[in-house]
Structure formats: structure tokens, C-alpha cells
Amino acid sequence: MNAESKKQIVTDALPLGSAGCCDAQALADMVGAKVQPIGNAVLPAADPSAFVRIDDDGLAHLDLWVENLSCAACINLIETTLLGRPGVTKARVNLSTRRLAITWHPDVVNGMSLVRLVTQLGYPVAPFDPTEVARSEDNEHKRLLSALAVAGFAAANVMLLSVSIWAGHSGGMEAGTRTLFHWVSAMIALPAVAYAGQPFFRSALSALKAGRSNMDVPISLAVILASAMSIYQTLQSAEHAYFDAAVMLLFFLLIGRYLDRRARASARSAAAHLLGLRAEAAMVVDETGNRHAMRAIDVKPGMTVMVAQGARLPVDGEVVDGTSDVDTSLINGESMAKCVAPGDAVFAGTLNMSAPIRVRATKDADCTLLADIVRLMETAEQGRARYVRLADRVARVYAPVVHVLAAATFIGWWVFVGAGWEPAMMAAIAVLIITCPCALGLAVPVVQVVASGRLLSAGVLVKSGDALEKLAQVDTVVFDKTGTLTLGAPTLRSGVFSKDDLALAAALADTSQHPLARAIAAAAGGVARPHVGDIHEVPGLGIEGMLDGTRIRLGRAAWCGVLEDEDVGQGSVIWLSRVGAKPARFDVSDALRPDVADIIQLLQQRGLHIEVLSGDVASAVAPIAEELGIPQWRAACLPGEKAARLAELSAAGHHVLMVGDGLNDAPSLSAAHVSMSPTSAADISQTTADLVFQGQSLKPIVVALDVARLADRLVKQNFVLAIAYNAVAVPLAVLGFVTPLLAAVAMSSSSILVTLNALRLRILK
């Protein structure tokens, strides 16, 4: 498809009139709103067609940021509605990033009609801009924390007043004093409710405007009715007011919401963080040899770029001039640099370590391996967002059931029993309060907090909100090799050399930053080095210098005049050569983590299947797998191949824990059911992983699995407690045996009971 046809498709899909800075408003006008702000930030005005991508098959793609997403029910509503439209091939919502990815046939359905449809559902949208979205998410977290602080302060103070009133019922408190206490409670509670309830009020109002309900509607209704009835009761100088119920309800729910949002935000920037490895500029060399800088994204196949020493490659391509060592950990996860020469393939994002090289671009910027890894991660993240929690499934039926039950209670007492509207309203409010999903809402996050604290003491940081839930389901553990089963730091293990050989090799190695050279220098320690002059490094070959008029070399076998480079199985061989002396051999390898064999055995004892997926060669992977008793392993795996293997395991019904550390592991960490990474891992791997563990030991993996299984049992117990509470309390409230005051106490008690049960995780083994 040529550029003109693609342009025409975009125009047909987005009939926005003239192009220009007003096109963002045109988009908004089509969905019946002004330029959509995200939080306190407004996305920059831009031509909406710029956000639409047309692939080679003629399909149109658009990424949108969606407001008011709160649970799996929201995701299901949006995806089901969009997929029901003819011409829509994909509609996927990522809860952690709030990204809606839509794919459609532009000749079948108008793209903007899909945007308008989502807005009509009560979910305002805007073009997805990671920078602005991240800023708005941070602002939202601050607002939630502020609301939580206000609700907590108000709840504590109102409860003190309520306790005084309760005590006064049996102590002869006069009506005037009691009314004064009610008014003081009102002065504290009403402003707090108005401020702290905004996250729920806005969501409920948006849902009602769209003609639907969500879990925030009965919550908002209960808070408002409780506050209104409290004011009415106070004006009547009644014995009871329910300001404490309103503010406590908000306080407990805000805890759960804040914890949930913070957990989701931790995975928000994984792909964006990886893109930070991309070089923004490229030095292009034209046919006349002149150099000029241009944006990396503008480099086209066939162009030649100059890559300086210490710079990241801006493109995927082929080396046409120069020899250098390139850090290829992005591709194979190995700490050993790769020597590249003319004709070798190189990839965007990798680091040129030793010398300048010229590279002929072979792919566009959006088709590089780095871009492919980002796409793999985003696809995996969107897949993870489709897991529906039990609490969310309950929430789907919660709102309508509560509304019907409260209305039926009011009508029953007022019409059929003839008790009057005030007692009927009190009973209805009691139903709304006592059926508050606090216990259900806290069932998961409280256990997560306690479990996270226990894991933190064991050196494990939990980054994902549903990590523990998924970890408890794991039946398969897949390990990367380098940096995971091994320490990721080459060391001198053995060889054929004397003390003088080591000192001489260290004298050369001290001048290099190559991982193998650093291993030799570290092994020599404080050994006195001879004075070697005229030292220089030959990229891809080794280091050479002069000693007493004799040339010495440290590097590859052929370069050092050694006919055969012996294979040491799990590492690399470095040679030292000099005239008149037998070449010395240094065997450098990556040592296994100290307890890896014991940990593998413990995992197998727990009934877990173990695999190894490594980017290293088979000769390095096989001995380690055999030593550890791991029969299933694969070598020379590219990032996409690792992710594909995890997809195979998932399709077979397995729940996989992926443990990896390299940049090449990022897609598989995202694709796995749940993932872990050591603190020594690449930043992007730590960002992508659901859990991060410290130290050289792999014991935190076993600890995390054990704690997750304990947490899973406690979560299920909490759900049972919450359901049992509602099974007993709700009928009592409907029958009029529970006042709003008792409902508030019962609601609070259920939350406390769930919390206390979660605290058992600190002592259970």
C-alpha cells in the first residue's frame, strides 16, 4: 500500500475537516465535549489523524487514554460494546495504563464513531500521550492520598464524639449536650464527605449520566443519605446520627482504591522506560562523506550512520566499516560483549563499547528489534489486564442487587408495614450501609499489604497489585541463565598460568573495560603488576603492549598465535602470549548463584515444573541444566522466542513464573503469568517484573511462592467471612433489626475482622 492510499484511508477514517491545531477540538466536538483534559493536564492540540496507524493490511489502529476506569466490569463493558460493532477487529483495555487499543476496518466503520461510542458509555477519552498520562496519574494519586488523609482525620475525630454519645446513652447525657455533639460531628464530617467522597461521586455521576450503574453509585448514595439523615436527625434532636458511618465508609474504601491505583502505576512505564534505550539522534554519512545529524526515527533503510564509541546504535543494520565490541545484552542477555566486524548484524539500543563503526540501516525505526520488544511487552501487559479478580466479579452484580434490595426495604416498610417514611428510610440506609463492600474491598488489598511487608523483610519487593494472586497459581517456573541462575559477573575460574602470567595479564587488563578483562584484573587483586608500555586495545581481538622490548598480547586465541581455542564448556578462554614463552590460558566463566541447586530442588519438591530459556549457546546452557537436574532447557533464544515458549505453556494450561534479569527477558517477563527479577537486573527488567528480589541467593523465590500460597488461602477466607457477614447482616437489616448505627458498627467490624485475619500472615508458616 503506497503512502497516498494510506493517507486517504486515514482521511476517510477521520473526517475532521481541515488539518491544523484545531483538529483536537474537532475530535472532541465529534464526541460531544471540549478538548479532553487528563487530570489537571490537557493533552497538546494535535491532528487526531496523527494518532491513527494504518498497517499493511489496511487496518486502522488508534490508542486512547480512558478516564473513569476502575475495575474489570468497566473493561468488559468497553470491550464488549466495541467488539459488537461491525468492522472492529480488536478492542483491548489495559487497566494499568488505562490505554484502549482499537483496531478496525476503516472502509466498514468510521473510527470517530467508535470514539464517540466509548464517550457515550461514560468514559471520556483522549489520544494516548504517555508523558501527559503519567503526569495526570501522579496527580490523581496525590488527590487520592489527600482524600484518604482527610477521611482518616475526620473518621478518628467523629468516632471520638460518637463514643462519647454512646456512653452518654447510659450515663444520662442531656439532649442539648447530645445535639451539640451531633453538630460538632456535622462540622467535621460534612466538609470531609464533600471532599473525600469526590472520587466516588464523580464516578457515580458519570455512570448515571451514561444510563448505567457501577459500584460507586450505591456507595455514593449511602454516604449522601447517611449524611442527609444525620442532618435531619440532628435538626430533630434525635438520639442517633450517622456521620461516623459516612466518613468511616469513605476512609476504608479510599484505602483500597489508593492501594489498587499505586499497584497499577508501578507497571505503567515499562514500555516507555525501555524506549529510553533508544538513541534519539543519528549521525548520517551521505554519499560524499559529509556527516549531518538527524532524528533516529527519520533514518531510512540504506542510509549509513556513524556510531561513536560509547554510543547506542540508533538503528538495526549491518556493519560496513570498523570493528568493535558491542554490548548485546538487549538481544541475548549475556554480559559478554560481542565482537562485530563488517558484515555483522547489529541492533538498535545496543551499546557500542570499543571503537567507532559505520552501520548501514536495514529497517525503519518502528520495525527495529527494540520496537518489537516494546510491542511484545505492551501486548503481554494488555493480556494480563484481562484477568478478572473475584472481587470484580462480585462487583458486577453488587450495585443492582443493593439498589433493588434497599428500594424494596423502603417500600416494604413504608407501604406494606405502614411504619412511616422515616423508619423506612432508616431501614433502607441501614441496608445500603451494611451491604457496603468494605470487607470485600479489603479482602485482597489488606492481605497484599501484610504479605508485601513480610516479603520486604525477606528481600522481595512486590510491584504488581495482583502478583501474589497470580504467584499462588504457579505450576511452572522458567529461568533465564545468565544473571539469574548465574551471578551475571564473569570470574576467573581456572586455567593454565603462573603467578607471573596473572600479574602480566592484569597489567594489560587494568586498562580495559571489557567484562573478561575486568574478571582477570579482579582475580589478580593486589598482585604487583609489571610496567607495560604502549598499551592499546584492539576492538574485538584483545589488548597488547610492550614489555622489555617484547610485544605481549591478551585476547583471542588466533590473535595471540594459539592454534586451537579450547572449549571450557561454561565460559570463555582468554590467552596471554609473548615471545619465548608458552601461551598462558585463563578460563573465565559466570559462577552459579551459591544456593541455586538447593532452590531448584525445593521448587521441584513443591511440585513445580522447571525450565531454562537462555540466549547463550547450548554448550554453556547444557552443563548447567544437567548439574541442576533440569531436563527441559532451550538455548540461543531470542526475546520473541522466549515469549513464544511462554505462550505455548500458557496455551497448555500452565501458570508460569518467569525469572529473568536481562533486557532480552523483558518481553517474556511481561508475557508470563507472573514474573520476578533480581535487583542486579537491567532497569527495564526490574520495571517490568511483578516482583524484585535482593541479594545473590534465590531463596526469595521460594519464600515468595510460599507467602503467596498462604496469602491466597487468607484471601479466600476473607471472602468467606465477607459473604457470611452479608448473609447474616443483610436479612437482619431488611427486617428492621439493625439501625444505621448498628449497620455502621457491623460494617466496621467486618472490615476489622478481615484485617485481623490478614495479619495472621505475619505469624503463619
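Any read-out appearing in this document is the output of simple, stated calculations on the displayed coordinates, not a laboratory observation. Note that the structure is predicted; figures quoted are calculated from it, not measured. Ideal geometry is used to build each Cβ from the backbone, glycine not excepted, and the neighbour counts take in all protein chains shown.
Values computed for the structure shown
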quantity: For the range 488-590, projected area of the alpha-carbon convex hull averaged over all directions, nm²; calculated: 6.1
quantity: Burial order of peptide ranges 139-147, 187-195 (average beta-carbon count within 10 Å, highest first); calculated: 187-195, 139-147
quantity: Efficiency of FRET from Cβ geometry, ILE752 and LEU145, R₀ 25 Å, rounded to 0.05; calculated: 0.65
quantity: Relative packing of 586-599, 488-501, which averages over residues the other C-beta atoms within 10 Å, highest first; calculated: 586-599, 488-501
quantity: Backbone HN-Hα couplings from phi across the range 220-235 [Karplus 6.51/-1.76/1.60, Hz, Gly and Pro as x]; calculated: 4, 4, 5, 5, 5, 5, 4, 5, 5, 5, 5, 5, 4, 5, 5, 4
quantity: Above-threshold pairs, the threshold being 22 Å between Cα atoms, out of LYS470/LYS642; LYS338/LYS463; LYS300/LYS338; LYS338/LYS481; calculated: LYS338/LYS463; LYS300/LYS338
quantity: Gain on full stretching of the segment that runs from ARG53 to SER237 - 0.36 nm per residue minus C-alpha separation; calculated: 59.7 nm
quantity: Radius of gyration and Dmax over the Cα atoms of the range 172-224, both given in Å; calculated: 15.7, 51
quantity: Linear extension gain, LEU735 paired with ALA528, 0.36 nm per residue minus alpha-carbon span; calculated: 65.5 nm
